[in-house]
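Contents: one structure, followed by commentary.
The values are calculated or read from the model by the stated rules, or taken from the named source; none is laboratory data. Since the structure is predicted, the reported quantities are computational estimates derived from the model, not experimental observations. With ideal geometry, Cβ positions are generated from the backbone for all residues, glycine too; neighbour counts draw on all protein chains shown. Just so you know, the surface numbers come from the protein's heavy atoms only, side chains and all, with ligands and any DNA or RNA stripped out. Shrake-Rupley method; radii C 1.70, N 1.55, O 1.52, S 1.80 Å.
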Amino acid sequence: GAVVSQHPSWVICKSGTSVKIECRSLDFQATTMFWYRQFPKQSLMLMATSNEGSKATYEQGVEKDKFLINHASLTLSTLTVTSAHPEDSSFYICSADSLDRGRDEQYFGPGTRLTVT
Amino acid sequence: AQKITQTQPGMFVQEKEAVTLDCTYDTSDPSYGLFWYKQPSSGEMIFLIYQGSYDQQNATEGRYSLNFQKARKSANLVISASQLGDSAMYFCAMREVGTGNQFYFGTGTSLTVIP
């Protein structure tokens, strides 16, 4: 149980276009979803925290107008990278909290590799 | 101050040997959880093991065990009988009850298992 999917798994887009990444909890309801960014050989950097039906909370230094997060339901959160530039190329990972938080575990999606040309 | 510190950027271990990956943490919250994740080259974060701050015994999950020393604030991961498939990045993480559920990750340790 506790499976989180992400779509797409990889995407290549042209500079200036927008890209939407979906994060779904498949077999549980997620009270909170998290979006991370990871550069090669580096750790995960938390970008924002989103709760269903409310505005996302962004970490310091993350542009909320560039990285739009919508948590439409208890099973779906989306991250839209607007007007993407090559420096936005990265690995984006989402994770989700379960309503049943027996041990505070976050369940991670498989990640989305974004390349902006 | 860093919440999670992993001081070993890279480690090598002979196949079938045991290896210890170090992790120290910093918190004043009495209630917290410690996690280890494996990240192979595919990028997926694979949960390995969990230790709660109030757990009396060290956590074990198959070949993985967590050496929890609360007074020293360390949570080292021990992998026994290493396999070639264990080669990956390993991240130590902590979650504090009092900080809005945020995960704090270490910088990771790259483990290479040598045949």
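Observations on the model:
- Between residue A:42 and residue A:20, the modelled labels are 2.8 nm apart [label points 7 Å from Cα along Cα→Cβ].
- Solvent accessible area, Å² - residue B:46, 1.4 Å probe, full protein context: 60
- Space enclosed by the convex hull of the alpha-carbon atoms of the protein assembly as shown, per residue, Å³: 125
- Between the beta carbons of residue B:67 and residue A:85, assuming R0 = 35 Å, the FRET efficiency works out to 0.20 to the nearest 0.05.
- Per residue of B:37-47, other chain Cβ atoms within 10 Å of the residue Cβ number 5 on average.
- Here is the short version for the protein assembly as shown: A:13 have no other Cys C-beta closer than 4.7 Å.
- Karplus (6.51, -1.76, 1.60) ³J(HN,Hα), θ = phi - 60°, over segment B:29-36, in Hz, Gly and Pro reported as x: 7, x, 10, 7, x, 10, 9, 10
- All C-alpha pair distances within chain A, sorted into 10 Å bins from zero, spread as 15, 48, 31, 5, 0 percent across the bins.
- Each Lys or Arg adds one and each Asp or Glu takes one away; over the other residues whose Cβ falls under 14 Å from the Cβ of residue B:77, this sums to -1.
- Peptide B:105-115 shows a mean partner chain C-beta count of 2 within 10 Å per residue C-beta.
- Placing one equal scatterer on every Cα of chain B and applying the Debye formula, the log10 ratio I(q)/I(0) at q = 0.10, 0.16, 0.22 Å⁻¹ is -0.27, -0.69, -1.25.
- Inter-label distance, residue A:57 to residue A:9: 3.3 nm, where each label sits 7 Å from its Cα along the C-beta direction.
- For residue B:41, net neighbour charge (Lys/Arg +1, Asp/Glu -1) across residues whose Cβ lies under 12 Å away: +2
- Ordering of A:58-66, B:68-76, B:103-111 by packing is B:103-111, B:68-76, A:58-66, highest average first (other Cβ atoms within 10 Å, averaged per residue).
- Around the amide H of residue A:94, modelled in the peptide plane, lie the amide H atoms of A:36, A:109, A:111, all under 5 Å away and 5 or more residues distant in sequence or on another chain.
- Computed from backbone phi, the HN-Hα couplings of segment B:11-23 come to 9, 10, 9, 6, 3, 6, 8, 8, 9, 10, 9, 8, 8 Hz, rounded to whole numbers (Karplus: 6.51 cos²θ - 1.76 cosθ + 1.60, θ = phi - 60°; Gly and Pro given as x).
- Under 14 Å, Cβ to Cβ, from residue B:25 - net charge with Lys/Arg +1 and Asp/Glu -1: +1
- Area of residue A:7 that stays accessible when all protein chains are in place (1.4 Å probe, Å², to 10): 120
- Links that overshoot a 24 Å alpha carbon limit, given the list A:20/B:38; A:20/B:3; A:41/B:73; A:55/B:3; A:14/A:64; A:14/A:55: A:20/B:38; A:20/B:3; A:41/B:73; A:55/B:3; A:14/A:55
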